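First comes the structure, then the notes that go with it.
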Amino acid sequence: MEEKDKTQEQPEQPEKKREKSLFEVAREIEEQQRRESLRLEAEAQEAALRAEEEQRKVYEQKLREERIELMRLKQGVIEESETIREEKEEKKKYTIGQKISNFFYHNKWWMGIGAFFAFVVGFLVYQTVTTVHPDVVVLLISDNVVFDARCSDRISEVLEQYTEDGNGDGKITVDVYYIPASEQSAAQNGYSGDTTKLFAEFQVGDSLLVISDADADKFIEPDKTLYDLTEDCGQYEQTEGFRFYLSDTKFAEDIGWDEGLDEDIYIGIREVRENLSLRDNMQENFDIAYPALRGFIAHYGTEAETEEPAEAE
């Protein structure tokens, strides 16, 4: 019994205080820092407001003083004011380098646009001066690409021998434009491309001489578009209406074509059309090309023998 009482009389042991975790300590420090930051920010805002208010009061006081001074000047009470002074902006002086730099800086866009247009004009002038304008243009209308590749330059050289300097540039130039034209090429291109190019050439008056064959005649309709050579060149065996046939001449030999020309290949010249919008230009080109063609025919043509009339018995 006494032992039981002793047990009850023993004092209770106090509970140990729980230590804070590192996470809790860090959160408390962060909270303290945040409160301190807010306090400093509030103080800074309050100081800025006080400074702004002070500046506003000073400015308003200055305005009041200037108004009073201005009234005194107008009323003639005073002749000169210490408060109101005319402020003259001092003109800034620049060096030559600074002036040049300043000019380029303020005008760079306009200078860029001007430089672009100057380049375009210069390019066009250069192209106009350096571009070779042919005296005569020949349309080589055939479906023989090999013939064009091997003989176009030689055709130009041969025809240049009978051509004069029509454009007055001091040079004699004959250009050959190759346009494939036949039923086969038209079927492959769907009557577009080369065929359209051929029709376009016949709408303007630049290309007058024509070297063609029977297959291409279906497209150019020579009886309607070519000039009749009978009157001026009918004395030659190779002349037939608007055609001068090339197969029975030395033309193939002179242009380096050793395979022989087909019998239907001929040379002719387009007739000046009255209803063509560029008739004057076409007439000028005709007056240059036709003498060249006549000289060509006179060189390669064979005069037909004329029968002498039988003597009367």
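Residues with amide H under 5 Å of ARG243's amide H, sequence separation 5 or more or different chain, H placed in the peptide plane at 1.01 Å from N; which?
Residues meeting the amide H criterion: LEU229.
Tell me, what HN-Hα J-couplings in whole Hz come from the Karplus equation 6.51 cos²θ - 1.76 cosθ + 1.60 at θ = phi - 60° for each residue of region 108-120, using x for Gly and Pro?
After applying 6.51 cos²θ - 1.76 cosθ + 1.60, I find 5, 5, 5, 5, x, 5, x, 5, 5, 5, 5, 5, 4 Hz.
Each residue of region 212-227 in order: what ³J(HN,Hα) in whole Hz does its phi give by Karplus 6.51 cos²θ - 1.76 cosθ + 1.60, θ = phi - 60°, with x for Gly and Pro?
Per residue, the Karplus-derived 3J(HN,Hα) values read 8, 9, 5, 5, 6, 4, 5, 9, 9, 6, x, 5, 9, 10, 9, 8 Hz.
Residue by residue, what Karplus-based ³J(HN,Hα) values in Hz, rounded to whole numbers, does region 97-102 have, using 6.51, -1.76 and 1.60 with θ = phi - 60° and x for Gly and Pro?
Each residue of region 97-102 in turn: x, 5, 5, 5, 4, 5 Hz.
Read the figures in this text as sums done on the coordinates, not as results from a lab. What you see is a predicted model; the values in this text were computed from it and never measured.
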